[in-house]
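*Asks:* Submitted below is the structure of interest, expressed as structure tokens.
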Ligand code: HSE
């Protein structure tokens, strides 16, 4: 499958690297890359002078959009779909605004539109949500779906740094949006919860209808005050379907230590959604950053390919199978008292053993 890449920055550059490193026999090749002229020397013959060289190129089967922004990516994605290219994007802004049009155009043109990387970075969330929505009724989604602000809150809480200091680090690590206001004020999470809700409930949830309140004004003093009341703070998105109403908000919430979201730190995201038959499902992983996001896009690429060449398990490797007894400490109980030992020789020497995990 020949890939045309739009954008070769933090995410696009990661996608290029991952695809270039795939074994040749997998058959994926990046043939054209559109970016600023500054990248011409690095990209050489793959460099595209303009986006049409990617979106209208007869050699390109799949267009991967990793530019960010709204108007230009929208035009590019539309052109690519109309030219019967599969499209993969990580761009939550454009997906949240045009989700219906993109899926409709893809259907009309017999191609796939994939946006796994637009929510939750490397977490395989949207594919699961789509699967669940096909067979179940989803009525509740909530979680931490912005890596930058979760990173900032964690650093403020654990290291006592200010919001601005933590934000600078989040920017340096490639987590933040070009305009970090989108992270801090919850616009990024609003886009993401709209995408998840639209897919889960089967109706467009519009960005402009969603209440959001950010963490821009959070200070170390406020944090200390919140902690003194026995709470921690997390910045979350939540949506609930009640009959024909979707109740949705993006705002800071106070949680106690027992809340499962309390253990979600730094750029990690955690998302839960409730299905009427299957119950509550939880997803956890890196929600921002170059390679987690790029991996989600490459997985979309493989998914498109798998639809034509389904996956069948092959027994290709002969493994030696071991256990953890030689490399872990163990608690052993001899019937009278327990002790910790460095490695376990024989569990049958004891009345009970447990690995220190
Ligand atoms: N700025 C976003 C975040 C990037 O921090 O979650 C991933 O969508």
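*Asks:* Across the range 262-279, what is the total count of residues that are closer than 19 Å to residue 158 by Cβ and crowded, with 18+ Cβ neighbours inside 10 Å?
*Replies:* 6
*Asks:* Only one of these is within 16 Å of the ligand (Cβ to nearest atom) and more than 24 Å from residue 90 (Cβ to Cβ): 256, 216, 245. Name it.
*Replies:* The match here is 216.
*Asks:* Turning to a different aspect of this structure: Any residue in the range 88-97 that is in the same structural domain as residue 15 (by TED's automatic domain parsing), part of a strand (DSSP E or B) and under 21 Å from residue 193 (Cα atoms)?
*Replies:* Taking every residue of the range 88-97 in turn, at least one turns out to be in the same structural domain as residue 15 (by TED's automatic domain parsing), part of a strand (DSSP E or B) and under 21 Å from residue 193 (Cα atoms).
*Asks:* Still on this model: Got at least one residue in the range 336-354 being within 35 Å of the chain's Cα centre (by Cα), surrounded by fewer than 17 Cβ atoms within 10 Å (Cβ to Cβ), assigned to a loop (DSSP other than H, G, I, E, B) and at pLDDT 95 or above?
*Replies:* Looking through the range 336-354, none of the residues is within 35 Å of the chain's Cα centre (by Cα), surrounded by fewer than 17 Cβ atoms within 10 Å (Cβ to Cβ), assigned to a loop (DSSP other than H, G, I, E, B) and at pLDDT 95 or above.
*Asks:* Of the residues that make up the range 132-153, is at least one within 23 Å of residue 221 (Cα to Cα) and more than 10 Å from the ligand (Cβ to nearest atom)?
*Replies:* yes
*Asks:* How many residues, within the range 163-199, are surrounded by fewer than 22 Cβ atoms within 10 Å (Cβ to Cβ), in contact (Cβ under 8 Å) with a residue 12 or more places away in the chain and in a loop (DSSP other than H, G, I, E, B)?
*Replies:* 6
*Asks:* Hey, another quick one. How many residues are within 12 Å of the ligand (Cβ to nearest atom) and part of a loop (DSSP other than H, G, I, E, B) when one looks only at the range 278-321?
*Replies:* Number of matching residues: 3.
*Asks:* Moving on. Out of 75, 25, which single residue is modelled with pLDDT under 95 and loosely packed, with under 15 Cβ neighbours inside 10 Å?
*Replies:* Going through 75, 25 in turn, just one is modelled with pLDDT under 95 and loosely packed, with under 15 Cβ neighbours inside 10 Å: 25.
*Asks:* Could you please find all residues in the range 38-67 being under 22 Å from residue 94 (Cα atoms) and surrounded by fewer than 18 Cβ atoms within 10 Å (Cβ to Cβ)?
*Replies:* 50, 52, 53, 56 - these are the residues of the range 38-67 that are under 22 Å from residue 94 (Cα atoms) and surrounded by fewer than 18 Cβ atoms within 10 Å (Cβ to Cβ).
The values are calculated or read from the model by the stated rules, or taken from the named source; none is laboratory data. Quantities reported herein were computed from a predicted structural model and do not represent experimental measurements. Here the Cβ is made from the backbone with ideal geometry for all residues, glycine too, and neighbour counts use every protein chain on show.
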